[in-house]
Every structure is written in structure tokens, then in C-alpha cells.
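Have a look at the structure below, then the notes.
The values are calculated or read from the model by the stated rules, or taken from the named source; none is laboratory data. Everything numeric here is computed off the predicted structure, so don't read it as measured data. Virtual Cβ from ideal backbone geometry, glycine too; neighbours counted across all protein chains shown.
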Amino acid sequence: MHHWQAQSSALSELPIDIVCQIYQILAHVSKPQRYRPGRWPASRGLPGSLGWIYLTHVCHRFRIIGLEMQTLWANDLCALPAAFDIFMERSHHAPLHCELDSSSFNPTLLLEKLPRVMSQVRSLTVRWECDFPDATEAARFLHGLTQIILPRMETMILNISPPHGFVFLDDLRALAAKGSDPFHAPALRLLRVHHLFVPFCAPSLQSLTVQSCKNFDIHDLCRALKNVPSLQSLTIQSCGNFDVHDLCRALKNVPKLRYLRWCGSGRRRNHIQDDHEHDSIPLPNLGTVHLPQLKSFDLSHDVSVLRQLAKTINFPPICLTGPRPFNPPSICLGYINSASHVATENIVNTCARFTSRLPSSASHPLALTIPISSTYSYNVLLGEVWDPASHHLRNVACTIFGLSCAYDRAWASPIAALIKGVTASSSLASDICSLYVIGDIPYDSMEERYPHEEVGCTLNDALLALYKVTNLYLASQAEGLIEALRHSEQLDDGSDIIFPLLDTIILDHTDRHVGWSRGTSMEEYEKERHYKTPEDRHFDGSWWDDFCEMLAERDALGYRLRRLILRGRTCHVATGDIKGDKPVICLEPLLELQDLSEWVDEVVDERDACGMKDGPDNLYYVD
């Protein structure tokens, strides 16, 4: 406070527009907030603060500016419930931004005062825990919204969390009951509803999100989409069960849709054969659903459901190059409990349904990227060629193909089925010239012993389709890929060699491509799996031996590598040893670069020195 008083004379000499900008910046970083008690009795709460209101006491000029900035008072109307009337008076007729939170101090005070100003509200956010004693008051407040028109409302977020018993109070159930009165918001542009779906009438709506609403069914969906002709974004996630026919029937009402996200409730089938049988049932009396403006989607459901959806909807070809949208196209197939030839065939056919909508890019070479995945969840990204050294994967234009399945030893690499599905089109496969491996590729050395007619696809089979790959980028050890390259055998016509045109391999042991799934439903799975690797992590010594052996085998078969680029933490390899009674990990220097020239024409050294000493006396890790 004293610091600002000392600067008041300097502030008075600045132009008024500069002072206003300074004021707005300070107000943005220091918001007023009420005291928030801890969620549990033993936890500490968040202290209250006047935030930018302190600025009105710095100097006379700041006080005049603060009192005249109506939008500041309107945006923080609910920040301090005890000062609600003062904020309302100083906001004058500016559009209001209101937030209701059951965890705040004395939220019922806001429930009493807000109804009389709802005609001025532009943005409303309600976060309410139904375990709170006054949940009935919140239900009465929401019911009051259905009795009036909300002329200025443009954004509404309703997050009504059920109690631990997952049974809503009678007042809330009545609010969401079939045939109940909807709320009317003619100017509403964005609506997000969590846990409890409430009927609405919003003809100008452009974005609708319905998440975890067990009371939301196909009748609610059809009624909601029937009167929103301008809808551009639709998200339905973990809601009541309705089939693909119901969804497509409802989508006919929103021809201007640009983004669709539909994530199933995670129901798992015991037998993948059910999907095969269900696929033979045609969709009754539906025809093709045309979505001429659809630019992107995020679909996660059973294999048969997504295959039927791909058959029914018609949309423009997906762009694989250029700037990546915040929500890149994503298809996640799940959940598959066991591996079989039928399972592989269904995965391939479903992927092929979507890749058939991808344009042939004769003028733009394509790339396949295998990112960091979670346990039981595998992903392949089909998109443009990019430079991992200067770009982040999260910014690369691509289409995401995902597979959610249980681990099965008989299915050595579930990701093989995804690769086979993505490359089912020969014209598309011939455009793929680069393979980027960011995450691990599981591999079972017993893979070749399983009957091919039972498994349907091995990793070797899938990689053989990538016959035009010239560049291979490895940011992880990817044992599966190296094993597949080592076990490829040359036939008389040379058709069984994986990557016969391989020209360059880049080893880049870094951790810069975390967060590739931002903006998609894959994001939560990546967070579940990935742990930040320490900066001093190195390749495993046995993996490096296998890598060198792979180079030697390819050289002996006449497929000598032209260039090997070493980047990142490739200065040492970690090897196991026993010291005393404990297993330890030590660092050993990499082969001399001139030794690698035995199998490679050119070795490019772009490594980062870790600064660690090698040898058994300098332990890297002790178990």
C-alpha cells in the first residue's frame, strides 16, 4: 500500500488510457475472493481478499477510475456476497457475471439476491455439491430460472454434483423430469451441463456439452437438438445409453455442426464376436446423415458402434496438413477383452472406414507417430511430416486412432492392428514416408509361434505395409520395433524386409513431447501413464546392443543405413551389475562413433553431454 502511495504522483502524470490499462492488468491478476472453507474439517481453507478493490484506496485518480469501471464490478459480482449490493450498484447496467459455489462461505445469501438481477446476467456458473444442507435452496433457484426469460444470458455452466448415494433430492429430480418447464435464454451461445441435465430453450446455441448425466437419454437429445439450428459444437460424454441410430437421428437436426465429441460409458463386451454379429444389423429407416461443415470429432465407443457411425454420417475429407485444430480428429476403439482374428478384422475395418475419408496427399508426404500411451490404451497418429527437434507434437496436424484393450499374451502388439487399419488403403500407405516413435511398442518374442489365423496380425505384418518409410525417429527404446526389425527375413523378392527404403534413423532420448493429447479425450490416459523422466536417464545397455545388432544385420542383407543422428541423452548407456548384495546400474560410454561407421555411412553427433562420470565406481542407480 505504501509503495503505491509513493508512486501516485508518477501515475498522475501518465495519460488516462495508459493508467486505465495498468488498472485493468492489476485487477486481472488480483481478483477479490471470499473465504473458502476446507472440504474436510481438518483441511485449511483459502483466506479471503479484497483483491483489486485495494486499488481504489491507492490514490484519488485510481479511485475515480475504479468506480467508473463498471465491468470490473459486474464481472466479480459474486466474489464477496456480503458486498453484493455495493457491487451491483457500481456495475450500473453492465452485463453481469455470476458464480455460485456451494463450497463458498454463506452461499444462500447469493441465492436470495440473484433472482432479482437475472435479466442482466450474461454468464452464469453454478457448482453445487448436493451433500450441502441447502441443496434444496439451489433447486428452488434453478427452478426460478424456468419461470422467467433470460434475455442477456450467453454462457451457462451447471455442475450439480450428486451426493455420495448418487440419488438426487426430490426437488432436483423434479427439475430434470420429463416434461418439466425449460429455461428460456434466446441469446445463449454456450451451455455445459454436468451430472444433472436440465431442459432448455436456446435457439441461438452454438456449443452444447452434456457430461455424466445419467438422466439424459435419446428423447432429451432429440428435443435439445431440434431447436438449435446454429449448433456448431456438440459433446456427449458418459451419459445414458443410446445407440448409434438414435445419435444419427438426432444429428440430422444440426447440419451446421463443426465438432462432435461422443464418448461412451465404458461398457465392456465379454466377446468381440458380438460386435461382428451386431454389425450385420442395418440402421432402420435412417439413410445418410449429411454434416457438410464437420471439421473434427472425438469418438470413443465400441468397435461396431463406430463402424456403423462411419457408414452413416457423411462429412468432408479430413485435412491432414496445415495448422492443427485445438480438437484434432480422434477415433478410439474400445473396449476389447481378448485378442482374436475377428477382433483384428473389426479394428482394421473400422479404421478403414474413417481413413477412406482422408484425401490422398500426393503433394504432401505423411507420417505415422506412435505417442506415449497408457496401459490398456494404444494410439497411432496419422498426419503431416514434422521436425521433433523444433516442434511439439501437440501442435502437429493429425488424426488420432486409439485402441482400448486388455493385455493378452496371444496378441503380442495391439498397436499392430491399429497400424494395419490405418494403412489398409494402399494409396495412403504409399504416402507415409516417416515414422516417429515417442512411446513404447510392446512386443512378445513368442509372437511368431501363435497361429496367424487366430491372431490376425503381428507387428511384422503391420510394419511391412510401411514400405515407403525412409526416416525413423526414436525418442524411446521401443523394444518392439527393434525386435521386429531384427527378426525380419529377406525372401527371394525382398518383400519381407521391414522398411526397405530406410535412409535415416534419429535417436533422440528426450522428454519433450509429453502433452501430445491436449484437447482430446486421450489426455487423461496419458497423465495416468506418464511420469517425468529424470534428466540423467539413458538408454539401456542391452537395448543398445540389440540396436547395433539390428544395424549389422541390415547391412549384411544389403540394406545399409545411410545416416544415423544421435541427439539428446545418448552420451552413455546404462548397464546392470552386482555390487555387494545389491544390483546397481552403472554408466558406460557409447561406442566410439567411428565404430558405428562399420554399419552406417554417416554418423551425426548432436548429443547433449550429461556431465556424469562413467565406470563402476560412479553408480547411476541402486535398487
Just to check your reading of the model, which residue among Asp134, Asp85 is of a type in the set (Asp, Glu), modelled with pLDDT of 85 or more and touching a helix residue (DSSP H, G or I) at 6+ places or on another chain (Cβ under 9 Å)? Asp85
So, in the range 287-304, how many residues would count as being part of a loop (DSSP other than H, G, I, E, B) and of a type in the set (D, E, K, R)? 2
With the checklist (1) at pLDDT 85 or above; (2) not assigned by TED's automatic domain parsing to the domain that holds Tyr473 in hand, flag the one item Thr533 doesn't pass. (1)
Give the range 246-262 a look and list any residue that's over 22 Å from the mean Cα position of the chain (by Cα) and charged (D, E, K, R), or say none. Asp246, Arg249, Lys252, Lys256
Would you mention how many residues in the range 204-235 are closer than 18 Å to Leu309 by Cα and surrounded by 22 or more Cβ atoms within 10 Å (Cβ to Cβ)? 2
Hey, can you tell me all the residues within the range 374-399 that are surrounded by 23 or more Cβ atoms within 10 Å (Cβ to Cβ), under 14 Å from Gly334 (Cα atoms) and either of a type in the set (Val, Ile, Thr) or at pLDDT below 85 (or both)? Tyr378
